[in-house]
2 protein chains.
Amino acid sequence: MAFTTKATIATFGGKLLKLAHKSATTGTDMNVNVFFPGPVADAETVTKKAPILYYLSGLTCSPDNCSEKGFLHATAARHGIVMVYPDTSPRGLDLPQEHDSWDFGEAASFYLDAAESTPYATNYRMETYITKELPELLLAAFAKQLDGARQSIMGHSMGGHGALTLYLRHPGQYRSVSALSPISNPTRCPWGQKAFKGYLGPADLEISPASASDSTIPAPWKGHDATELVKSWTNGDLKMLIDVGTADNFYINKQLLPENLEAAIKQAGLSGATVRYQPGYDHSYYFISTFGQDHVEHAAKYLLA
Amino acid sequence: MAFTTKATIATFGGKLLKLAHKSATTGTDMNVNVFFPGPVADAETVTKKAPILYYLSGLTCSPDNCSEKGFLHATAARHGIVMVYPDTSPRGLDLPQEHDSWDFGEAASFYLDAAESTPYATNYRMETYITKELPELLLAAFAKQLDGARQSIMGHSMGGHGALTLYLRHPGQYRSVSALSPISNPTRCPWGQKAFKGYLGPADLEISPASASDSTIPAPWKGHDATELVKSWTNGDLKMLIDVGTADNFYINKQLLPENLEAAIKQAGLSGATVRYQPGYDHSYYFISTFGQDHVEHAAKYLLA
């Protein structure tokens, strides 16, 4: 199969596989962790295919962080859901500015396909990787275990942005979406503006959160911003759950802006979105592990329906 | 109070405090993490004191590892149990051989008081620290929140050895004990022999697992070996739970030897000990997080009785 198994670890009655594979999309080796609950842990004894929940991680993370610290497997095991933890970018490259800061380049892909005009175009194609190549490879390699017709997506921080935008950009591919501390309006926050300028261009654009208005934001950027995307959503209930901690410094410093997403959902008259503000919680895995189980439950509601 | 609060983190409806304090016992600063469930998270609003469960970590760990990856707080929160994560040794010293290997010295105290004859005698007094100084300081600082009459202890690997031996050496101090992958017979395994030789002496002793017999093992060593200690236990039911993974390389390579502890318990005719072998599980936090909740449940049975 396309995957090399780097580790097989028993956990919560199932097993976590640490996999590596060559990606035609990114042109690099990629790592991905997959948790198989007990009933689908062994291809030989599977009687029923399991649904899939993708978890997109935040800035600086690898597939291991949430595998170890998110504590999603107890709930996934109970519902018989396979968890997939992709990496946060291609690795092993040496592109311009790719290793200059922790919030751009390696481990900071923002889960989009970089524009042709940028040095990232050839390798930073994470949207195609996550939505097309990776599911195809997984479904081929684990054909007896995975039900490709039942997929949902969730994520944290930059991965929350990834989950929301990939869900909104690919209607029908995912049955539900959820996000913990998501970057909800990237065109209006420093993280998002830096990333979009680098991956989408133009490179000479001068923009800051203070100056950003509808007319100064490049049109291609809006296509990767959840707050912009919900304005044109025409596919019914959003099936969306969001949690944000009120003591999260990135929320306080307006990197996340879930209130903008909330307002846009309301203005668009959309239903089926729940945004919860959790008093006193921060941005860390202490927050993720506390509420992440609710997010697996949210996905289970749609994946097992 | 004696403690400096380095971080306060909301998690599972309560809060985790990362504390530091000067220890008169070790002569150093010490770190300790404490999880307070919701009802005792705020001293001002406490109505009933909570019982305490100490978690002793394994080789190389700090108080943070299990706080982040053990996933004990969901169950502790449900039962209203305070979790205390001490450090694995004094830090910041420069004693002979203290930093030469990962399984001896810093982060590898084996939770005993080093003998007067060794260079560790002044600082490596972790038994006194864990059983006396730390509880006294915590009970003084959090007098409204902590019930010193209800304490249990658990641990992993070297911390499993620590939990078992401190429990057996201090009858009445802890209501129950449990251990994940414990070093169960340290006088007969390489880790234990290296540690006991360094901390207890004599420094010129030549001993190996193959040569270790009752007559070659120094008497003081036996006082810190759970398998030896159960032989003279006269305090009724052991109230002991042990889990070991059968794919744990340290178990396979005979560093843990739970089978020796099991045999000694049986030969002594003691009741109240459960030793479980978990098929396919390793030594990692993937194992700890899977079964650790059972260990909190085990403690809850006695702490809430």
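Observations on the structure shown:
- B:I153 satisfies every condition listed in (1) over 27 Å from B:V275 (Cα atoms); (2) in contact (Cβ under 8 Å) with a residue 40 or more places away in the chain except (1).
- So B:V32, is it in contact with a helix residue (DSSP H, G or I) (Cβ under 8 Å, 6 or more places away or on another chain), in contact (Cβ under 8 Å) with a residue 24 or more places away in the chain and either closer than 14 Å to B:Y85 by Cα or within 14 Å of chain A (Cβ to nearest Cβ) (or both): yes
- Screening the candidates B:L180, B:L168, B:L164 for the property of being of a type outside the set (S, T, N, Q), crowded, with 17+ Cβ neighbours inside 10 Å and more than 16 Å from B:S57 (Cβ to Cβ) yields one hit, B:L168.
- Residues that are modelled with pLDDT of 95 or more, more than 14 Å from chain A (Cβ to nearest Cβ) and within 16 Å of the chain's Cα centre (by Cα) are absent from region B:261-277.
- Selection count where residues are touching a residue at least 60 places away in the same chain (Cβ under 8 Å), closer than 26 Å to B:T128 by Cβ and either within 14 Å of another protein chain (Cβ to nearest Cβ) or not small (G, A, S) (or both), scope region B:1-15: 2
- Residues (in contact with a Leu (Cβ under 8 Å, 6 or more places away or on another chain), part of a loop (DSSP other than H, G, I, E, B) and within 14 Å of chain A (Cβ to nearest Cβ)) located in region B:231-248: B:D248
- Residue match in region A:252-266 (condition: in contact with a Lys or Arg (Cβ under 7 Å, 6 or more places away or on another chain) and acidic (D, E)): no
- Of the set (1) outside any helix (DSSP H, G or I); (2) surrounded by 17 or more Cβ atoms within 10 Å (Cβ to Cβ); (3) touching a Cys at 6+ places or on another chain (Cβ under 8 Å), all apply to B:P209 but (2).
- Restricting attention to region A:277-291, the residues that are surrounded by fewer than 21 Cβ atoms within 10 Å (Cβ to Cβ) and either touching a Gly at 6+ places or on another chain (Cβ under 6 Å) or of a type in the set (D, E) (or both) total 1.
- Filter result for B:Q267 (touching a Gly at 6+ places or on another chain (Cβ under 6 Å) and free of Cβ contacts under 8 Å to residues at least 40 places away in the same chain): no
- Among the residues of this structure, A:Y251 does not count as one that is over 20 Å from the mean Cα position of the chain (by Cα) and buried (at least 19 other Cβ atoms within 10 Å of the Cβ).
- Qualifying position, being within 14 Å of another protein chain (Cβ to nearest Cβ) and on the phi < 0 side of the Ramachandran plot, among A:K49, A:K18: A:K18
- Tally, over region B:292-305, of residues that are crowded, with 20+ Cβ neighbours inside 10 Å and within 14 Å of another protein chain (Cβ to nearest Cβ): 2
- Unique match (being buried (at least 17 other Cβ atoms within 10 Å of the Cβ), within 22 Å of A:F71 (Cα to Cα), modelled with pLDDT of 95 or more and over 13 Å from the mean Cα position of the chain (by Cα)) among B:S23, B:S57, B:S67: B:S67
This table checks each residue for (1) more than 14 Å from chain B (Cβ to nearest Cβ); (2) touching a helix residue (DSSP H, G or I) at 6+ places or on another chain (Cβ under 7 Å).
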| position | (1), (2) |
| --- | --- |
| A:P63 | no, no |
| A:E68 | no, yes |
| A:R78 | no, no |
| A:M83 | no, yes |
| A:E98 | yes, no |
| A:S101 | yes, no |
| A:F104 | yes, yes |
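- Meets criteria (touching a Phe, Trp or Tyr at 6+ places or on another chain (Cβ under 6 Å) and not hydroxyl-bearing (S, T, Y)) for A:V177: yes
- B:Y281 in contact with a Phe, Trp or Tyr (Cβ under 8 Å, 6 or more places away or on another chain) and either free of Cβ contacts under 8 Å to residues at least 40 places away in the same chain or closer than 27 Å to B:L303 by Cβ (or both): yes
- Per the conditions (1) more than 14 Å from chain A (Cβ to nearest Cβ); (2) assigned to a helix (DSSP H, G or I); (3) touching a helix residue (DSSP H, G or I) at 6+ places or on another chain (Cβ under 8 Å); (4) not small (G, A, S), the sole criterion not satisfied by B:Y251 is (1).
- Residues of region A:1-27 satisfying the condition of being touching a helix residue (DSSP H, G or I) at 6+ places or on another chain (Cβ under 8 Å), closer than 23 Å to A:A76 by Cβ and not aliphatic (A, V, I, L, M): A:F3, A:T11, A:F12, A:G13, A:G14, A:K18, A:H21
- Restricted to region A:212-230, and to residues there that are of a type in the set (D, E, K, R) and part of a loop (DSSP other than H, G, I, E, B), the residue that is farthest from the chain's Cα centre (by Cα) is A:D214.
- With respect to being within 17 Å of B:N123 (Cβ to Cβ) and more than 14 Å from every other protein chain (Cβ to nearest Cβ), B:P90 fits the description.
- Scope region A:6-22; condition touching a Lys or Arg at 6+ places or on another chain (Cβ under 7 Å), over 13 Å from A:P86 (Cα atoms) and among the small types (G, A, S); matching residues: A:A7
- When A:H283 is tested against (1) over 30 Å from A:K48 (Cβ atoms); (2) within 14 Å of another protein chain (Cβ to nearest Cβ); (3) assigned to a helix (DSSP H, G or I), exactly one condition is not met: (3).
- Per-region count, region A:96-121, residues crowded, with 16+ Cβ neighbours inside 10 Å and of a type in the set (S, T, N, Q): 2
The values are calculated or read from the model by the stated rules, or taken from the named source; none is laboratory data. Since we're looking at a predicted model, the values are computed, not measured. Cβ sites come from the backbone with ideal geometry, for glycine too, and all protein chains shown count toward neighbours.
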